[in-house]
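First up is the structure itself, then whatever we jot down about it.
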Amino acid sequence: MKSKYNADEQGMYGRFGGAWIPEMLQPNIDNLRKVYLDIINTAEFQKEYVALLKDYVGRPTPLYYAKRLSQKYNTHVYLKREDLNHTGAHKINNTIGQILVARKMGKKRIIAETGAGQHGVATATACALMGLQCVVYMGALDIERQAPNVARMKMLGAQVIAATSGNQTLKDATNEALRDWICHPEDTFYIIGSVVGPHPYPDMVTRFQSIISQELKAQFKEKTGSEYPDYVVACVGGGSNASGSFYHFLDDEQVKLVAVEASGLGIHSGETAATIALGEVGIIHGSKTFLMQDEDGQIVEPYSISAGLDYPGIGPQHAHLKDTDRAIFLDATDQEALDFALEVTRLEGIIPAMESAHAFVALTKLNIAPEQSVVITMSGRGDKDMSTYMERFKL
Ligand SMILES: *Cc1c(COP(=O)(O)O)cnc(C)c1O
């Protein structure tokens with residue numbers, strides 16, 4: 001889809017994006033950039049991708065009218081149920097797409113980075129499905145904090161390697177994965193888990209996640225007679241579930257796009273992941289975007305209660321949506337997200353992922369009229385967060 005909000009041929013979104021990478025990575029990136037669109041656009045690829053999304057992932061995911069939430073906030077609230085995907089989040093839409101690209105390119109070995117382990121699990125799942133070797137880099141601290149997901153990856157046959165640099169979380173795992181890719185350019189494909197990294201990754205991942213808004217637009221029309229909800233809301237870590245939720249509405253300017261980032265203990269607490277609110281332009285993992293950095297240009301370690309939103313940068317498309325005022329950016333603290341996690345559970349019988357719970361602050365921070373409609377993307381389910389919920393809610 002051509003739109004002034006999508007990447008141009010160089011992978012630029014306005015003044016953001018591109019591929020700012022070490023020379024040793026250039027051949028890998030050039031290779032991928034040359035072939036990804038040709039591969040994705042073949043009828044053969046589309047047929048297999050769509051069939052797997054349907055029969056393996058369980059798509060289309062429902063668009064659910066949340067009646068009790070709607071009553072409480074005196075408006076019309078719909079939930080796009082990405083939590084009902086196989087493996088419990090939207091991540092698998094992307095890993096299935098990328099592994100088909102990898103197979104077409106003749107790659108035998110897959111590497112990935114992961115924070116909470118959701119992308120690692122989705123990648124290990126796709127590798128088991130295709131019979132490909134899988135190596136997942138994960139910060140040593142995250143390995144400790146996310147034991148159930150580490151066990152899932154191992155059961156699926158993946159090798160999990162601890163990243164021991166920095167504060168031993170997602171950023172450090174990404175650095176290790178990039179290093180691995182430089183050392184294994186021939187046989188290895190790097191599956192990045194969000195709309196971040198050098199071009200063509202942000203564009204490729206957005207295309208795979210755009211199935212969310214493709215379905216959503218048709219489902220909303222079927223339910224209401226209109227193709228255009230007033231608001232589409234999603235949480236942003238790197239920004240892939242948001243990019244996918246926005247994609248088919250980018251040029252429908254009457255639809256307000258809303259991204260919610262995690263402000264942790266508060267925007268000015270020093271313990272936050274509110275990149276858009278605090279970030280300045282810089283380069284992280286091969287992409288020019290907003291990121292949290294100190295006066296010396298050193299990346300500031302991010303913090304959020306949700307490991308999936310705990311990233312010091314943001315996808316370049318979101319930086320551009322901020323620049324152009326096409327999207328509204330809000331933030332939610334740990335406490336606000338926790339309050340919504342419990343409220344959504346009690347009103348609708350749906351336990352959201354800690355990340356997804358952040359998106360619901362839109363219901364209190366926007367002035368939504370009673371006759372208007374808001375679609376909130378439920379990016380994942382809360383099973384992985386039960387230990388946090390048990391502790392915070394004294395269950
Ligand atoms: C990984 C994850 C996120 C954050 O990633 P985005 O690329 O910003 O979508 C959000 N929600 C869930 C459930 C996740 O697993």
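The values are calculated or read from the model by the stated rules, or taken from the named source; none is laboratory data. Everything numeric here is computed off the predicted structure, so don't read it as measured data. With ideal geometry, Cβ positions are generated from the backbone for all residues, glycine too; neighbour counts draw on all protein chains shown.
Pairs linking a residue in region 297-309 that is free of Cβ contacts under 8 Å to residues at least 40 places away in the same chain and over 17 Å from residue 335 (Cα atoms) to a residue that is hydrophobic (A, V, I, L, M, F, W, C) and part of a loop (DSSP other than H, G, I, E, B), with Cβ atoms under 9 Å and 6 or more positions apart or on different chains, are 300/292. Just for region 164-174: of the residues that are in contact (Cβ under 8 Å) with a residue 40 or more places away in the chain and within 22 Å of the chain's Cα centre (by Cα), which one is surrounded by the fewest Cβ atoms within 10 Å (Cβ to Cβ)? For region 164-174, the residue satisfying everything is 167. With respect to residue 1, determine if the residue is at pLDDT below 95, surrounded by fewer than 18 Cβ atoms within 10 Å (Cβ to Cβ) and in contact with an Asp or Glu (Cβ under 9 Å, 6 or more places away or on another chain). For residue 1, the condition - at pLDDT below 95, surrounded by fewer than 18 Cβ atoms within 10 Å (Cβ to Cβ) and in contact with an Asp or Glu (Cβ under 9 Å, 6 or more places away or on another chain) - is met. Could you please let me know if residue 152 is modelled with pLDDT of 95 or more and more than 23 Å from residue 208 (Cα to Cα)? Against the criterion (modelled with pLDDT of 95 or more and more than 23 Å from residue 208 (Cα to Cα)), residue 152 qualifies.
Residues in region 32-51: is at least one at pLDDT below 95 and aliphatic (A, V, I, L, M)? Scanning region 32-51 turns up no residue that is at pLDDT below 95 and aliphatic (A, V, I, L, M). Inside region 378-395, can you point out the residues that are assigned to a strand (DSSP E or B) and surrounded by fewer than 24 Cβ atoms within 10 Å (Cβ to Cβ)? Matches in region 378-395: 381 only. When residue 275 is tested against the conditions (1) away from the ligand (no atom under 16 Å from the Cβ); (2) closer than 24 Å to residue 7 by Cα; (3) free of Cβ contacts under 8 Å to residues at least 60 places away in the same chain, the lone failure is (1).
All conditions in (1) within 14 Å of the ligand (Cβ to nearest atom); (2) without any contact (Cβ under 8 Å) to a residue 12 or more places away in the chain hold for residue 94, with the sole exception of (2). You will find that of 227, 215, 222, the residue that is surrounded by fewer than 24 Cβ atoms within 10 Å (Cβ to Cβ) and at pLDDT below 95 is 227 and no other.
Residue by residue, here is whether (1) within 14 Å of the ligand (Cβ to nearest atom); (2) under 17 Å from the mean Cα position of the chain (by Cα) holds:
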position	(1), (2)
304	yes, yes
324	no, no
331	yes, yes
346	no, no
351	yes, no
362	no, no
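Looking only at residues in region 221-261 that are among the β-branched types (Val, Ile, Thr) and more than 16 Å from the ligand (Cβ to nearest atom), the one that is farthest from residue 274 (Cα to Cα) is 224.
Identify all residues within region 262-302 that are under 17 Å from the mean Cα position of the chain (by Cα) and not in a strand (DSSP E or B); write none if there are none. Passing the criteria: 273, 274, 275, 276, 285, 302. Screening the candidates 277, 259 for the property of being modelled with pLDDT of 95 or more and either closer than 28 Å to residue 387 by Cβ or surrounded by fewer than 19 Cβ atoms within 10 Å (Cβ to Cβ) (or both) yields one hit, 259. Listed conditions (1) within 21 Å of the chain's Cα centre (by Cα); (2) away from the ligand (no atom under 16 Å from the Cβ); (3) among the hydroxyl-bearing types (Ser, Thr, Tyr) are all met by residue 377, apart from (2).
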